[in-house]
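Right, one structure below, let's go through it.
Just so it is clear, none of the values below were taken in a lab; they were calculated from the coordinates. None of these values were measured; they are calculated from a predicted model. Glycine gets a Cβ as well: all are built from the backbone with ideal geometry, and neighbour counts include every protein chain shown.
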Amino acid sequence: MNTLLTGGNGFLGTWLARALAARGDTVACLLRPSSDASGLAGISYSRVEGDVTDTASLERAVPGRDVVFHLAGIRRAATRDEFMRVNAEGTRNVCEALLRAGGKARLVLCGSLAASGPSSAGHPHVEEDPFHPAEWYGESKAEAERIVLAYADRLPVTVIRPPRILGPGDHENLTFFKLIKKGIRLEIGGGPRPLTLVDVEDVVDLLLVLAERPEALGQSFFCGGPQDFTMEQLQDIGARELGVHPRTVKLSPWMLKGLAAAADMVTQATGRKLPLNRKLARQLLAPAWTCSGAKAERLLGFRPKRDLEDSIRRSARWYREQGWL
């Protein structure tokens with residue numbers, strides 16, 4: 001299989017590139033000239049310089065591919081327009097480049113649970129639920145998915161919607177491990193607040209299924225298992241793996257919001273990005289971030305198989321070994 005990855009140097013992209021190369025597939029990664037590709041070291045791949053906002057580079061990168069995995073996007077930006085320009089319109093650019101190349105290559109878009117927004121406790125999101133994103137990033141991912149599925153009559157397209165992903169190399173959950181390493185365990189009042197978590201290798205496995213199965217075409221799929229966790233449980237498992245006995249710091253919702261507002265003020269004044277911000281506070285205070293993987297199991301026979309407690313332990317060990325903690 002001749003594949004192109006956008007965002008191939010990111011956390012998920014490096015794991016996918018490694019899996020594709022191990023199978024003997026041809027792997028090309030669309031990377032900006034300034035991109036850090038150190039995570040791809042040791043993986044057999046070719047580098048194609050470009051960007052999803054640069055249509056000329058897509059014209060060069062797309063022809064001859066069997067599958068394009070579109071993982072590229074931004075998670076942080078100062079304005080809604082910037083999220084839309086990269087995450088939504090960049091997706092449209094990929095679709096248009098595929099059409100001009102003949103419309104034969106399959107497009108697998110990496111969407112996000114953020115497009116659906118928070119769920120309610122006891123009622124995980126299913127794919128048929130309407131989008132209710134809670135912030136600009138989620139809005140842009142929802143629009144990207146709408147764009148892709150609007151091309152379903154002209155292109156073979158499919159979408160994966162991962163929840164919070166765990167595994168070695170992840171930056172999104174690193175803050176909580178850093179706090180644990182410092183002896184602090186956060187507990188936010190008003191909980192528990194369930195989370196659907198998934199191991200990065202399970203996400204890769206479903207991406208590979210979506211690249212090949214005809215039943216996946218024109219469809220979107222959550223990637224989630226039967227067991228939900230809370231952020232407190234994640235911290236407890238990480239603490240045991242790191243051999244730390246942290247003290248619990250209890251925060252009320254209003255205290256968390258106040259600290260997040262103060263952190264944003266520091267960031268604006270100094271340019272220094274702190275681990276806490278208003279966006280993270282809103283995520284932590286949502287009643288739940290859960291989704292059901294039943295559709296992927298029903299239509300594709302896919303079910304995540306990694307033990308999530310082991311995923312948390314693997315992450316903690318990797319952070320420690322790499323000196324991130």
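Odds and ends about this structure:
- Translational D in µm²/s for the range 69-183 (Stokes-Einstein at 20 °C, 1.002 mPa s, Kirkwood Rh from C-alpha pairs): 138
- Longest to shortest principal axis, alpha-carbon extents of the range 270-325, angstrom: 50, 31, 18
- Here LYS257 and GLU297 are evaluated by their C-beta separation; at R0 = 35 Å the FRET efficiency comes out at 0.40.
- Near-label residues of the range 1-17 by backbone N, under 12 Å of a point 7 Å along Cα→Cβ of SER46: 2-4
- From phi via Karplus (6.51, -1.76, 1.60), per-residue ³J(HN,Hα) for the range 319-325 in Hz, x at Gly/Pro: 4, 5, 5, 7, x, 7, 10
- Summed over all non-identical Cα pairs, the Kirkwood treatment of the range 1-108 gives a radius of 13.8 Å.
- Reachable lysines from LYS250, criterion Cα separation under 25 angstrom, eight or more residues apart if same chain: LYS178, LYS181, LYS182, LYS273, LYS279
- Inter-part distance where the range 308-323 and the range 81-119 are each reduced to a Cα centre, Å: 31
- Per residue Cα convex hull volume in Å³ - calculated over the range 155-299: 138
- The chain shape via C-alpha gyration tensor axes, a/c threshold 1.5: prolate
- DSSP bridge pairs, the chain: antiparallel proportion in percent, nearest 5: 10
- Around the amide H of THR290, modelled in the peptide plane, lie the amide H atoms of SER119, HIS125, THR196, all under 5 Å away and 5 or more residues distant in sequence or on another chain.
- Relative contact order (%) - criterion: Cα under 8 Å, at least six apart; region: the chain: 18
- Global geometry of the range 59-132, whether rounded, prolate or oblate, following the gyration tensor of its Cα atoms and the 1.5 cut on a/c: oblate
- Rounded Å value of the spacing that divides the Cα centres of the range 220-258 and the range 1-76: 32
- Mean-position separation - Cα centroids, the range 277-296 and the range 142-203, in angstrom: 8
- The angle separating the long axis of helix 231-242 from the principal Cα axis of greatest extent in the chain is about 80 degrees.
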